[in-house]
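Below is one structure; the comments refer to it alone.
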Amino acid sequence: MNGLLPAPLIGLKSFSLRPAAAVLFRAITRQNDQVLVEWNPGFKRYQLQQTSVLEQPWENSGESTTKLTATVKLEGAARFFRVIGFLY
């Protein structure tokens, strides 16, 4: 030990982790300026997410749902989609 006190823990933010898992897509269909995304069942709730650059954070597309489909309006640049499933 070097005799110095540890620095104060300033700026910490509370967080909680939600158990989530990837969901297998059943189909992705483009219809004019919209994309219909369908996925397989197996979880209690689902969250569709999208990003235009894989190195950037994923953004939620709407609220989480119990449905197995979602329709997204295409705007701007190309988008990547994923669906995560929640066990609760």
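The values are calculated or read from the model by the stated rules, or taken from the named source; none is laboratory data. These numbers come from a predicted model, not from an experiment. Every residue, glycine among them, receives a Cβ derived from its backbone with ideal geometry; neighbour counts consider all protein chains shown.
Every condition in (1) over 15 Å from residue 37 (Cα atoms); (2) assigned to a strand (DSSP E or B) is met by residue 49 except one, and the failing one is (1). Residues in the range 21-44 that are in contact with a Lys or Arg (Cβ under 9 Å, 6 or more places away or on another chain) and of a type in the set (S, T, N, Q): 34, 40. Return yes or no: is residue 22 surrounded by fewer than 11 Cβ atoms within 10 Å (Cβ to Cβ) and closer than 11 Å to residue 83 by Cα? Spelling it out, residue 22 is indeed surrounded by fewer than 11 Cβ atoms within 10 Å (Cβ to Cβ) and closer than 11 Å to residue 83 by Cα. The residues in the range 46-85 that are of a type in the set (Phe, Trp, Tyr) and exposed (fewer than 15 other Cβ atoms within 10 Å of the Cβ) can be counted, and the count is 1.
Determine whether residue 29 is under 16 Å from the mean Cα position of the chain (by Cα) and of a type outside the set (Gly, Ala, Ser). Considered against the rule, which asks whether it is under 16 Å from the mean Cα position of the chain (by Cα) and of a type outside the set (Gly, Ala, Ser), residue 29 comes out as no. Just one of the numbered conditions (1) over 17 Å from the mean Cα position of the chain (by Cα); (2) at pLDDT 90 or above; (3) outside any strand (DSSP E or B) is not true of residue 9: (2).
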